[in-house]
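The values are calculated or read from the model by the stated rules, or taken from the named source; none is laboratory data. Here the structure is a predicted model, which means the values were calculated and not measured. So basically every Cβ, Gly included, is an ideal-geometry build from the backbone, and we count neighbours across all protein chains shown.
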Amino acid sequence: MFDKSCNKAVYKYLMNRLRDDGALHFSVIDPDPHKQSPDRAASMACLCEAAGSDAILVGGSTVTDQEFVSSTVEKIKAKTTLPVIIFPGGIPSISSKADAIFFMSMLNSRDPYFIVGQQALVSYPLKSSGLETISLAYLIIEPGATAGWVGNAKPLPRNDPKLTAAYALTAEMYGFQMLYLEAGSGANTIPASHVSYASEVLSIPIIAGGGINTKEDARLLVEAGADVIVMGTFIEKHVLKDEGESLKPIIREIKSAGSNKNPDHKYQVMSKQHMQG
Ligand code: 1GP
């Protein structure tokens, strides 16, 4: 259970859930007035929670209205007990109403603005907001879709998993708390080989997203070493229509694949290291 009263509450919750379940599911909700109202977003989040999702990410690559983000976050928080984490596409995506923010760096952007520039611009306001920050290295794999275009990425080639693993290892050596491997919303899923190469060398959790719509895709990625499966488009399309029924078997599959992970899995070590702090 997410206990928002403690220090680094969201990160601790995620690490504890990973230790218990071996794999997690995150639901992305895009705070876009063209897609849904804050009330509708809250209903979606509520159904995602009932289906077994572990956290709600609020964000998208083309967010422009900070007030709408805040209102979406507030409505979601009123209707779910899950942590709400900002998944920022840029500065307008930030809302201090959330429980945490992924403090992201797109390490394979061609533009330093997306690696460290906008992060520096928001560092002081973020610190004074008291919002929990979870540092996240964000790597775009081909094709990259809108996220890749907006972040001016040099997408990692699908046929070279070792290059992705080298960037992933660099992220861990820099001290990032988590890694996100992304092919772009609505794109083809990332190749499982990229996850398995990265997983062999990493201790930090690996989040996989972009185009994951079936239980088969989700299981394949968890078995390759993904710790978190992120879904957005599927949720937008199905959750309100079928009241989360089609999401449930996918999350069950993620949990089943997670439970088969080695009990001496890295989270035992990770949680000890990070809980002490
Ligand atoms: C986007 O990875 C997420 O950043 C979700 O992708 O919309 O394809 O599920 P989908």
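What the table shows:
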quantity	calculated
Cross-chain or 6+ apart pairs with Cβ under 9 Å, segment 230-253 first and touching a residue at least 12 places away in the same chain (Cβ under 8 Å) and on the phi > 0 side of the Ramachandran plot, then more than 15 Å from the ligand (Cβ to nearest atom) and acidic (Asp, Glu)	GLY244/GLU49
Given (1) away from the ligand (no atom under 16 Å from the Cβ); (2) farther than 24 Å from LYS8 by Cβ; (3) not small (Gly, Ala, Ser), index of the condition MET231 fails	(1)
Search result, residues across segment 201-214 that are touching a Ser or Thr at 6+ places or on another chain (Cβ under 9 Å) and more than 12 Å from the ligand (Cβ to nearest atom)	ILE206
Residue identified as part of a loop (DSSP other than H, G, I, E, B), in contact with a strand residue (DSSP E or B) (Cβ under 8 Å, 6 or more places away or on another chain) and crowded, with 17+ Cβ neighbours inside 10 Å among ILE190, ILE207	ILE190
Pick from segment 234-247, criterion among the hydrophobic types (A, V, I, L, M, F, W, C) and in contact with a helix residue (DSSP H, G or I) (Cβ under 7 Å, 6 or more places away or on another chain), ranking: farthest from the ligand (Cβ to nearest atom)	LEU240
Test result for GLU245, assigned to a helix (DSSP H, G or I), acidic (Asp, Glu), more than 19 Å from TYR13 (Cβ to Cβ) and modelled with pLDDT of 95 or more	no
Residue within segment 60-78 that is within 15 Å of the chain's Cα centre (by Cα) and either within 16 Å of the ligand (Cβ to nearest atom) or at pLDDT below 95 (or both) present	yes
Counted residues, segment 145-165 - those being more than 16 Å from the ligand (Cβ to nearest atom) and under 19 Å from the mean Cα position of the chain (by Cα)	1
Conditions (1) touching a Ser or Thr at 6+ places or on another chain (Cβ under 7 Å); (2) surrounded by 18 or more Cβ atoms within 10 Å (Cβ to Cβ); (3) farther than 15 Å from GLU182 by Cβ: number failed by LEU240	(2)
Count - residues of segment 171-192 that are more than 9 Å from the ligand (Cβ to nearest atom) and among the polar types (S, T, N, Q)	2
Residue in segment 9-25 that is at pLDDT below 95 and within 16 Å of the ligand (Cβ to nearest atom) present	no
Tally of residues being among the β-branched types (Val, Ile, Thr) and either closer than 22 Å to TYR13 by Cα or surrounded by fewer than 18 Cβ atoms within 10 Å (Cβ to Cβ) (or both) across segment 60-71	2
Any chance LEU57 is surrounded by fewer than 21 Cβ atoms within 10 Å (Cβ to Cβ) and closer than 30 Å to THR164 by Cα	no
One residue from VAL201, VAL195 being aliphatic (A, V, I, L, M), touching a helix residue (DSSP H, G or I) at 6+ places or on another chain (Cβ under 6 Å) and crowded, with 21+ Cβ neighbours inside 10 Å	VAL195
Subset of segment 166-207 [among the acidic types (Asp, Glu) and within 15 Å of the chain's Cα centre (by Cα)]	GLU182
